[in-house]
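As structure tokens, the structure follows; a few thoughts come after it.
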Amino acid sequence: MYSPERTKQLQASTTQFLKTQKTLSTGDVELLRDVLRFHEYRYYILDEPLVSDFEYDQLFKALEKLEADHPELVSPTSPTQRVAKGLTKDFPTVSHLVPMLSLQNSYDAEDLNDWDRKCREASGLPAVQYCVEPKYDGASISVIYENDVLVRAATRGNGVQGDEITTNIRQIRSVPLTARFSDYGIAQIEIRGEVLMNKNNFTKYNEQLAAQHLAPFANPRNAASGSLRIKDPQEVKRRNLEAFFYHVSYYTTTGGLRMSVDGNTRPENFAPAQVHPALTTHGGTLQMLWDLGFRSPMRERQVFDGIEGVIAFCPVAEAGRDNMLYEVDGMVIKVNDIQLQEKLGMTSHHPRWAVAYKFQARQATSKLLKVEFNVGRTGAVTPVAKIEPVSVSGVTVSSISLFNEDVVKEKGILIGDTVLVERAGDVIPYIVKPLTELRTGSEQEIPFPRQCPACNDELTKPENEAVWRCVNVNCRAQVLERMIHFVSKDAMDIRSLGEANIRKFFELGFLVNIPSIYTLPYDKIGELEGFGPKSVGNLKAAIEQSKTQPLYRLIFALGIRYVGETTAKTLAGAVSHLLEFRNYSLEQLQQLEDVGVKVANSIYLFFSNDDNLHVLQELEQLGLNFSNTVTHSTTGDLQNLTFMFTGSLPTLKRSDAETMVEEKGGSVLGSVSSKLNFLVVGEDAGSKLEKAKKIQSIRIINEEEFIRMMKE
Ligand code: IVH
């Protein structure tokens, strides 16, 4: 995609732009876009970035600013234009250029040999060349580029027609908005691919959902396909989706030819001599897509002469399945020669030139024996299914969370049901559905408690929430769970004090609340079975050590509702001492990155509660680190404050005023939103001022006040 020469050039331009971003001119805009596209490619396709996130952001902001100052320069293919504003109204139905067929399946060497025999017979060759690549388990899409520009993306739908989801697909950074198909003589092209959420992002995303007591997605496939038709493109962007492209279904050449090996009615027969050599083999097509900046299975694909190599390779690929970053449910074997593909043709369901080799299912069936109810650290009561132990892809499963009552009702699960259980890789197991055909009539409704199973207090269910909750903060189950969370790996990380020890010490009355972790009676612990002087010493040292953990860990460990690790980091970065949050207003909290109304409310309530403040004071006296020692606070005075200028300022040049803000550690925003702290208003201020007036938290100041602020 980028030659070493071009890489050097773009890297040199990067350095230049980073140095001179304040003085960019309109003539820089295309090069700056190319530089950003290059870094997106390095990051999203190659996973080998050449600049830091911070530097990328600086370049991106510079382009945003240039385009804001010169709206006539904005183009739909600019890297700034992925992000759509507002909500998508609907997803119109569109027809694919050729139908999206599915694949025939195979499960073993015998199936593959049968398929190979048919390919050999049709080709008249002794051995056929095959290209083997992963079968991605996501949501399939088709995209169309015209004259090198992405013009349309659609879901598979019924194969003939799908939903137009261009705006959402533009949020996926690994999908190029432009690609030089014209270099290959292509005018219009339709490409198939798979939208995926990688396993790491999936786990993180589910953790966020779980923190909000929303039902997590069962697997990355559901997370990806559930994301395609979301009306808020910003939300699509937040989900960090990715896309792989593995098939060209149709194209027209700049010379006016129409080519397709898909669909029952082929516009024209394939003639290799008339097209670019890359388009004569499947491997060549993958290479072309890769070279044009797409993710294609270039690194994963293998080419074999004859089926024997394929048969040997598939089980090896299956064995490596769990090490892949993406969910893969099989391999796809494709005839490599496109002319032979065309000769083999297709049935009404699938092409004859490709076959899927399916990996072992990750599902099993078992019987639902009973449902127990766990009380979490926030009082949420979660139903947990106890099933007859069953092995699912090598792991014995006997206990499965059912998330909440709505999920159970929606699935219609009854006690005694035979249930389908799925467990994908390291993803937590879940119940797909009950097998209602196998019911005997003796199945029973799941009784949901209205009293807390731990403390017997009445449970409550706030409107708009799916979860029943015990609101007794002294409920024993919650106190215990809060301590388990406090010491956990991502929180205070006190390894010697694992869950089992917490439970034991709680039973014995050594632990009663979080501060008691720091006043454990080590003499009594030393008398317990299994606790020699060495393990007591280790325990004591680990607990002492945890007092110096960075502030964000403590904030996360406190278990404030909706405050996950990311928000904890934001919070820690905003203060120099934890107790400063006592003086934060709801509005101030909402100014923080990614803190919305719900999260702000929860933090505000936490720091207004006397019991919580008492616990915090105790912890501080016990010597825990409450200070933010990260460098942020030592930089400018305007750290975390945002500014915007509108109208012409009486004395200052706008660019100088912006530099003043940035030099003091503040940032300049491109639009009015609740993230803005100060709008500096000059003469003839227009719509921005009107908009800012509607957002109470924005302070509107004039140049004089601004200069005074800078001097202070
Ligand atoms: S080729 C005309 N290649 O699997 C054939 N499909 O069960 C086009 N899939 O609908 C499909 N990875 O969504 C192909 N490397 C791959 C694939 C792949 C995943 C999906 C695709 C297709 C489904 C068929």
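The values are calculated or read from the model by the stated rules, or taken from the named source; none is laboratory data. It should be emphasised that the depicted structure is a prediction, and the values quoted were computed from it without experimental measurement. Neighbour counts are summed over all protein chains in view; Cβ atoms, including those assigned to glycine, are modelled from backbone coordinates with ideal geometry. Heavy atoms of the whole protein, side chains included, go into the accessibility calculation; ligands, DNA and RNA do not. Shrake-Rupley method; radii C 1.70, N 1.55, O 1.52, S 1.80 Å.
Would you check if residue 160 is in contact with a Ser or Thr (Cβ under 8 Å, 6 or more places away or on another chain), open to solvent by 70 Å² or more (accessible area, probe 1.4 Å) and within 16 Å of the ligand (Cβ to nearest atom)? Considered against the rule, which asks whether it is in contact with a Ser or Thr (Cβ under 8 Å, 6 or more places away or on another chain), open to solvent by 70 Å² or more (accessible area, probe 1.4 Å) and within 16 Å of the ligand (Cβ to nearest atom), residue 160 comes out as yes. The one condition from (1) out of contact with any Phe, Trp or Tyr (no Cβ under 8 Å at 6 or more places or on another chain); (2) over 30 Å from residue 196 (Cβ atoms); (3) not hydroxyl-bearing (Ser, Thr, Tyr) that residue 28 does not meet is (1).
Residues considered: 168, 240. Of these, the only one that is under 20 Å from residue 37 (Cα atoms), part of a loop (DSSP other than H, G, I, E, B) and away from the ligand (no atom under 16 Å from the Cβ) is 240. Is it fair to say residue 145 is under 30 Å from residue 92 (Cα atoms) and within 13 Å of the ligand (Cβ to nearest atom)? Judged against the criteria, residue 145 is not a match.
Matching residues to (1) of a type in the set (Gly, Ala, Ser); (2) assigned to a loop (DSSP other than H, G, I, E, B); (3) open to solvent by 60 Å² or more (accessible area, probe 1.4 Å); (4) farther than 28 Å from residue 577 by Cα:
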| site | (1), (2), (3), (4) |
| --- | --- |
| 620 | no, no, yes, no |
| 624 | no, yes, no, no |
| 638 | no, yes, no, no |
| 655 | yes, no, no, yes |
| 706 | no, no, no, no |
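In the set (1) without any contact (Cβ under 8 Å) to a residue 12 or more places away in the chain; (2) part of a helix (DSSP H, G or I), residue 408 fails one condition alone, (1). Kindly establish whether residue 248 is modelled with pLDDT of 85 or more and assigned to a helix (DSSP H, G or I). No.
Filter the stretch 592-611 down to residues that are open to solvent by 40 Å² or more (accessible area, probe 1.4 Å) and of a type outside the set (D, E, K, R) and give me whichever is nearest to residue 675 (Cα to Cα).
My answer is 597.
Across the stretch 114-152, the number of residues qualifying as of a type outside the set (Asp, Glu), under 18 Å from residue 180 (Cα atoms) and surrounded by fewer than 22 Cβ atoms within 10 Å (Cβ to Cβ) comes to 6. Within the stretch 487-516, residues that are under 18 Å from residue 473 (Cα atoms) have Cβ atoms under 7 Å from residues that are not in a helix (DSSP H, G or I) in these pairs: 515/622, counting only partners at least 6 apart in sequence or on another chain. Within the stretch 88-113, the residues that satisfy the criterion of being away from the ligand (no atom under 16 Å from the Cβ) and surrounded by fewer than 16 Cβ atoms within 10 Å (Cβ to Cβ) are 89, 90, 92, 93, 95, 108, 110, 113. May I ask you to list the residues in the stretch 566-587 that are surrounded by 17 or more Cβ atoms within 10 Å (Cβ to Cβ) and part of a helix (DSSP H, G or I)? Matches in the stretch 566-587: 567, 568, 569, 570, 571, 572, 573, 574, 578, 581. The number of residues in the stretch 87-130 that are over 20 Å from residue 260 (Cα atoms), in contact with a Phe, Trp or Tyr (Cβ under 7 Å, 6 or more places away or on another chain) and at pLDDT below 95 comes to 1.
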